[in-house]
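The values are calculated or read from the model by the stated rules, or taken from the named source; none is laboratory data. Nothing here was measured: the structure is a model prediction, and the numbers come from that model. Cβ placement follows ideal geometry from the backbone for every residue including glycine, while neighbour counts extend to all protein chains displayed. Ligands, DNA and RNA are excluded from the accessible area calculation, which covers all protein heavy atoms including side chains. Shrake-Rupley method; radii C 1.70, N 1.55, O 1.52, S 1.80 Å.
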Amino acid sequence: MAQIIDGKALSQQVRNDIKTRVSELKNTKNITPGLATILVGEDPASQVYINSKNKMCVEAGMASFHEHLPADTSEADLLKLIDKLNNDKNVHGILVQLPLPKQINADRVLEAIDPKKDVDGFHPINVGNLVVGKKCLKPCTPYGMIKMLESINYDLSGKHAVVIGRSNIVGKPIALMLLEKNATVTICHSRTPDIASVVRQADVVVAAVGRAQFVKGDWIKKGAVVLDVGINRLESGKLVGDVDYEAASQNASAITPVPGGVGPMTIAMLLYNTVEAAGNTL
Ligand code: GUN
């Protein structure tokens, strides 16, 4: 049976370390790391996520600022708010919750955030630095997965990592991070023929497709490590990942559960990035 990579426990550990770094920053430099979140509209899932971010900020001793704007907010008003936060020295990290309402161009908004405060790592400057392997703020979900691999002392060098999904938030950045760690990386997506045969060659599988139990147990090579980014609700109400967890566990050497896997690490890494931004170590 596979080792379960407990994202909840690891997230707590990362947040405990962050708490220590936050008090050091307060004591030595008189800086309280501050994260500002912006939510436009009323999407319930986004509200839950934002509330959880704000709660964890406060628990870590950080300052949390939240701006909730109505769904019909204009792009100009949102850009004005971002400009204000860019110039606020108490704010070290800015996160605009995606997706944004249709009248707002998300690219223009992400590009307006000061790259030094871009704790999501979505600004083209940070994306570009990630591509060329320079220091940068890294997207939280993939960064959390790298921390999970480190937690089991997994050496990626020379391993074949197969990423399923090519989103800007997960698929593309995790592929770059795995490459940086000397893995051989394959990205599969909706146009890839016979994904099963590609996944069968993988030492590391990253499933980020957004389809319940898309990856079958017999696709997983004996001893492979499986990282599951998906959170899907079945008709029964049960939450499942993009991987058939029970079946995959029979072949994997290590696997992340859903819930309690990759999800909790995302917020931990968001706080981590905010502390990095506050310490100005980049
Ligand atoms: N919506 C879903 N995931 C994310 C994320 O990682 N960051 C932001 N800003 N919005 C999201």
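So, in the stretch 141-159, exactly how many residues are open to solvent by 10 Å² or more (accessible area, probe 1.4 Å) and within 13 Å of the ligand (Cβ to nearest atom)?
Result for the stretch 141-159: 2.
Out of (1) under 16 Å from the mean Cα position of the chain (by Cα); (2) part of a strand (DSSP E or B), what's the single condition that is false for residue 269?
It fails just one condition, (2).
With the condition kept exactly as written, say whether any residue in the stretch 109-116 is within 15 Å of residue 140 (Cβ to Cβ), within 15 Å of the ligand (Cβ to nearest atom) and open to solvent by 20 Å² or more (accessible area, probe 1.4 Å).
Yes, the stretch 109-116 has at least one match.
Only one residue in 93, 171 is within 15 Å of the ligand (Cβ to nearest atom), within 16 Å of the chain's Cα centre (by Cα) and farther than 24 Å from residue 13 by Cα. Which one?
Only one candidate qualifies: 171.
Is there a residue in the stretch 131-138 that is more than 12 Å from the chain's Cα centre (by Cα), open to solvent by less than 20 Å² (accessible area, probe 1.4 Å) and within 24 Å of residue 195 (Cβ to Cβ)? Step through it out loud before you land on a result.
Looking only at the stretch 131-138, we keep the residues that are more than 12 Å from the chain's Cα centre (by Cα), and these are 131-136.
Going one step further and asking which of them are open to solvent by less than 20 Å² (accessible area, probe 1.4 Å), we end up with 136.
Then keep just the ones that are within 24 Å of residue 195 (Cβ to Cβ); that gives none.
So far as the stretch 131-138 goes, no, none of its residues is more than 12 Å from the chain's Cα centre (by Cα), open to solvent by less than 20 Å² (accessible area, probe 1.4 Å) and within 24 Å of residue 195 (Cβ to Cβ).
Tell me the residue from 25, 10, 81 that is open to solvent by less than 40 Å² (accessible area, probe 1.4 Å) and within 15 Å of the ligand (Cβ to nearest atom), please.
Going through 25, 10, 81 in turn, the sole match is 81.
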